[in-house]
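Please treat every number below as a calculation from the coordinates, not as lab data. All of these numbers come straight from a predicted model, not from anything done at the bench. For neighbour counting, all protein chains shown are included, and Cβ atoms are generated from backbone atoms with ideal geometry for every residue, glycine included.
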Amino acid sequence: MDEKKWEVACTASGMTNANIVLGRLETEGIPVRLKYEAVGAIYAITIDGLGKVDILVPASDLPKAREILAQTYDDGDIDWETR
């Protein structure tokens, strides 16, 4: 049984956005769980909270996760490889 306490790091609108956040956090080594209503995922409904997806992380990783999610990037921040 998992003994970790999980906290909501943020809430995404729909599974596509949730999976982007999940990938960003997992890349930084933070475990992630998604919590959502099945009907929103099945029918891809994103109105009235049905498409809402809570992104959960272990409580001990919550400050780091929020710091990562607060960072923004633009094209100048990325070292694009030219060929």
Among T72, T11, T27, T16, which comes first, second and so on when ranked by fewest other beta-carbon atoms within 10 Å?
T72, T27, T16, T11
Separation of the K52 and D79 label points, Cα + 7 Å toward Cβ, nm:
4.1
Taking 0.36 nm per intervening residue step and subtracting the Cα-Cα distance, what contour gain separates V8 from E26 on full extension?
5.0 nm
